[in-house]
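Encoded as structure tokens, the structure appears first; notes follow it.
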Amino acid sequence: MERPGLAASNQAMDSKDRVIAMALASIAAVLAVVVLWTRSLSNQGLEALAHASLPLDEALSNGKPTLVEFYADWCQVCHQMEPTMAQLEQTHRGALDLVLLNVENPLWEQELDQFQVRGIPTFLFYNADGIVQGRAIGLLPPEQLEALVAALLRDAPLPSLNNQGATSAIGNANPGQGSAVGPRSHGEGGG
């Protein structure tokens, strides 16, 4: 026979356990929503920058220096660079054209071949006359990319790059042409 005080104490503990479990479940659900929302923002970040950028031919002919980035949605390095690219776009709006070209879009196949883009992100720096002044490949620290852009805006020689950052290798940019290596393969055979 259970004492009345002990039964009430057990019920109170069960109630507390349920409240704690519900609170933990609620916190887990909120965290899951935040993580998914943050990931969707990072995916939209590159696409938003790409959609907001001028067409390449217009950017190269409007008398402003241009920074072109070849990127892909699956490229982790490109996603790491997205905040820096967004900051550059805000800081130099009106003085610098920022153009993002997705390597998975067959529209840019000619540019991929012309500039021998084999790893992403690849950055091309054009002066106000639309002439390539230099290129950089891979993960660049924000201060290094800012120094390159600052030199481009001053029409000064671009500072030399001491290193090549991490990249994602790309294969055939248009897998529909019969190649076994596609842009999502990271250079591995079998597409």
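The values are calculated or read from the model by the stated rules, or taken from the named source; none is laboratory data. The model shown is predicted, which means the values in this text are computed figures rather than measured ones. As a convention, Cβ positions derive from the backbone with ideal geometry for all residues, glycine included, and neighbour counts pool all protein chains shown.
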Item to check | Identity of the residue in segment 77-96, in contact with a helix residue (DSSP H, G or I) (Cβ under 8 Å, 6 or more places away or on another chain) and assigned to a loop (DSSP other than H, G, I, E, B), that ends up nearest to Pro65 (Cα to Cα) | outcome: Leu96
Next on the checklist: Tell me yes or no: at least one residue of segment 97-118 is over 17 Å from the mean Cα position of the chain (by Cα), within 17 Å of Leu46 (Cα to Cα) and assigned to a helix (DSSP H, G or I).
Outcome noted: yes
Checklist outcome for this item: Residue pairs qualifying under the 6 Å Cβ cut-off, at least six apart or on distinct chains, with the first in segment 95-110 being within 10 Å of Ala50 (Cβ to Cβ) and the second being at pLDDT below 95 and of a type in the set (Asp, Glu), are Leu98/Glu89
Checklist outcome for this item: Among Asp113, Asp73, the single one that is more than 23 Å from Leu158 (Cα to Cα) and out of contact with any helix residue (DSSP H, G or I) (no Cβ under 9 Å at 6 or more places or on another chain) is Asp113
Next on the checklist: Can you go through Leu158, Leu152, Leu145 and tell me which one is touching a strand residue (DSSP E or B) at 6+ places or on another chain (Cβ under 7 Å), modelled with pLDDT of 50 or more, of a type outside the set (Val, Ile, Thr) and not in a loop (DSSP other than H, G, I, E, B)?
Outcome noted: Leu152
Checklist outcome for this item: Note on Asp97: of the conditions (1) at pLDDT 90 or above; (2) surrounded by fewer than 17 Cβ atoms within 10 Å (Cβ to Cβ), unmet is (2)
